[in-house]
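To start, the structure itself, in structure tokens.
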Amino acid sequence: MASPRSNPSALRNSEPILETLKGFLGQADKVKVFEVASGTGEHAKYFCNYFAAASWEPTEFDESHMEDIKAHCKHLKNVKAPKVVDISKDISEWGFAPTHLGKYDVGICINMIHISPIECTYGLFRNMSKLLATGGLLFTYGPYAVDGVISPQSNIDFHNSLKQRDPRWGLRDVYQLKEMSEKEGMRLEMVLDMPSNNKTLVFRRLPPDSDTDS
């Protein structure tokens, strides 16, 4: 059996992202996590070694990564079998029922928003509003524009290279994501600077009929 593939960026950013999660979740006894765009599964593996009581559900659009996720997480009893998910589609079209629909404490999406069509980001907020319990948190990680400005130059170059690969890709603006989340009953609560010119955005699922501006 071939060794599972590895993602160098996941190896680099797992520790700083874990430190961010620890700041919000602490030891987080029995926290229920739904991960979108799990890639090779190395984030799930890294995080679940710390959050040993978590129930972690990895999902990924690329079916070829299913075996990678299984291999990386095979010794972790708290990581469920990965599922193929096109996050741009509604939950009703996924072909399976999420284990804790409406009751997840945490959603995680790392390095997807800038390398996918905007429909995936719309779907992320639309579906997370149904997956998360009231008060649940969605963490997204990656490079972003802020108030229409991309910086530094390395992020500008990266944005341009993404556009060359696929015109539908590119760095999204934090304000645009804030507006998208509010339309789905969520609120951007915090923007955290991370290493290598990335950011973690923290969104909260609000109670029904809440005022997102309050």
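The values are calculated or read from the model by the stated rules, or taken from the named source; none is laboratory data. Bear in mind the structure is a predicted one, so any value in this text is a computation, not a measurement. Note that we place each Cβ from the backbone using ideal geometry, even for glycine, and neighbour counts take in every protein chain shown. Protein only, heavy atoms only, side chains kept; ligands, DNA and RNA dropped before computing areas. Shrake-Rupley method; radii C 1.70, N 1.55, O 1.52, S 1.80 Å.
Values computed for the structure shown
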| read-out | value |
| --- | --- |
| Subset of the stretch 48-73 (residues that are of a type in the set (Phe, Trp, Tyr) and either open to solvent by 10 Å² or more (accessible area, probe 1.4 Å) or at pLDDT 95 or above (or both)) | Tyr50, Trp56, Phe61 |
| Hey, Glu35 buried (at least 17 other Cβ atoms within 10 Å of the Cβ), in contact with a helix residue (DSSP H, G or I) (Cβ under 9 Å, 6 or more places away or on another chain) and either over 24 Å from Lys89 (Cβ atoms) or in contact (Cβ under 8 Å) with a residue 40 or more places away in the chain (or both) or not | yes |
| The stretch 88-110, subset among the β-branched types (Val, Ile, Thr) and more than 15 Å from the chain's Cα centre (by Cα), residue surrounded by the fewest Cβ atoms within 10 Å (Cβ to Cβ) | Thr99 |
| Subset tally (residues that are under 14 Å from Met186 (Cβ atoms) and of a type in the set (D, E, K, R)) for the stretch 106-131 | 2 |
| Only one of Asp173, Asp193, Asp157, Asp166 that is surrounded by fewer than 17 Cβ atoms within 10 Å (Cβ to Cβ) and either among the β-branched types (Val, Ile, Thr) or farther than 20 Å from Ser116 by Cα (or both) | Asp193 |
| Any hit, the stretch 151-161, residues being in contact (Cβ under 8 Å) with a residue 24 or more places away in the chain and either of a type in the set (D, E, K, R) or within 15 Å of Ile108 (Cα to Cα) (or both) | no |
| Counted residues, the stretch 111-126 - those being touching a residue at least 40 places away in the same chain (Cβ under 8 Å), over 12 Å from the mean Cα position of the chain (by Cα) and either more than 28 Å from Leu11 (Cβ to Cβ) or open to solvent by 20 Å² or more (accessible area, probe 1.4 Å) (or both) | 5 |
| Where Thr140 falls short, out of the listed (1) of a type in the set (Val, Ile, Thr); (2) within 26 Å of Asn7 (Cβ to Cβ); (3) exposed (fewer than 13 other Cβ atoms within 10 Å of the Cβ) | (3) |
